[in-house]
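For reference, the structure discussed in these notes is given below.
Every number in this text was worked out from the coordinates using simple rules, so none of it is lab data. Since the model is a prediction, treat every value here as computed from it, not as a measurement. Glycine also receives a Cβ, built like all others from the backbone with ideal geometry; neighbour counts cover every protein chain displayed.
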Amino acid sequence: MFFNGACVSCEAMSSTTTPLPYPHTRTVAGLLAFICTAVCIGMASSAVMERATTKTEQWVMLATAVALVLGSHLLPALSRRSVVTKVLFLVCIVATVYNQAHFFAKATHRASEHRAKTVAVSSHTLALQEELDSIVARPLVKVAADLAKATAQDAATQSALARCQVKTPDKCATAQVLGVATAAKVQALQVENTQAERAADLRRQLANAAAAHDVAQALQSADPVDVQLAAITGLSIKSIGTIAAVLQSLLLELLGAALWTVVLSTPTAAAAMPVGKREKNMTAVKIEVIGKNAIATL
């Protein structure tokens, strides 16, 4: 009997004397829950606003996003035993995670574009572009065609000049003038053809440099962590980014639901009782237990 009474005393004292930091827990949890919900509403709203085209669509989708976030955060705390509530909670979670994953994807895309812009054009590429800009020449195909035509004309003129010099050496002045003109034209076209060939070669080098620059930008745009995880898991970088976005969104939603459950939970009678009254009840329980133990001993 004595030991039974002692056990009852221990249980009574433990249930009445253990301090419950419930008010402080609710305060901290309420602050964290408000921050978490505000962050989730901001992300979901930003995601749906980007997908809307008109003001009406933006406001409707904004209200929908806010309602879904509040539902996923507050439904578990407001109704814990209802099956319908649990189903609605899961639906709200899925819809909100989708919106937030879109937000993370857009943020990742903007970060990728920013990283890609940090890849500067090489000085060699700039030098090639400056040299190409300094060359004044027609396209190589046209210059080559004119050069072939001028070369044939010069050959005919020189042949006519040679025949004239054999037959009538004193009457070849016109043929000589034509021969000099066609030769000068061929020489000028040869110079232009050389420049056109150099310009074409520069364009090929610039094209190769542009391709290499695009590859460097693509490598730089990828998130370093996603690249390492893709190498470890064998998944694509885009798949890693999508999985990370979904997991982060799901974690935020579950965290918000857990915090609001703590905030909106009903305190126990012992925790809600004032400290002075709790101490009086504890003293009364002690006296009652000691009296019962004394009677049992007698």
* Estimated distance in nm for a label pair at Lys167 and Thr25, the labels positioned 7 Å out from Cα along Cα-to-Cβ -> 12.1 nm
* Asked: Which FRET efficiency value, to the nearest 0.05, do you get for Ala210 and Thr85 by plugging their Cβ-Cβ distance into 1/(1 + (r/R0)^6) with R0 = 35 Å?
  -> 0.05
* Asked: Can you tell me the Rg and the Dmax, both Å, for the Cα atoms in region 16-167?
  -> 37.2, 138
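Take every Cα pair under 8 Å in region 123-223 that's 6+ residues apart, average their separations, divide by the length, and report that relative contact order as a whole percent. All intermediate terms of the calculation are to be shown ahead of the outcome.
Values: 60 pairs, mean separation 43.5, N = 101.
After rounding, I find 43 percent.
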* Structure fact -> Here the Kirkwood hydrodynamic radius of region 123-223, Cα-based and in Å, equals 16.7 Å
* Under Karplus coefficients 6.51, -1.76 and 1.60, residue-wise ³J(HN,Hα) of region 191-204 in Hz, glycine/proline x -> 5, 5, 5, 5, 5, 5, 5, 5, 5, 5, 5, 5, 5, 5
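If I take R0 = 30 Å and measure r between the Cβ atoms of Thr54 and Arg110 in this structure, what FRET efficiency does the formula 1/(1 + (r/R0)^6) give, to the nearest 0.05? Before the final figure, lay out each step's value.
Numbers: r = 24 Å, r/R0 = 0.79.
According to the calculation, E is roughly 0.80.
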* Structure fact -> Under the Karplus relation with 6.51, -1.76 and 1.60 and θ = phi - 60°, whole-Hz ³J(HN,Hα) for region 254-263, x at Gly and Pro, equal 5, 5, x, 5, 5, 5, 5, 5, 5, 5
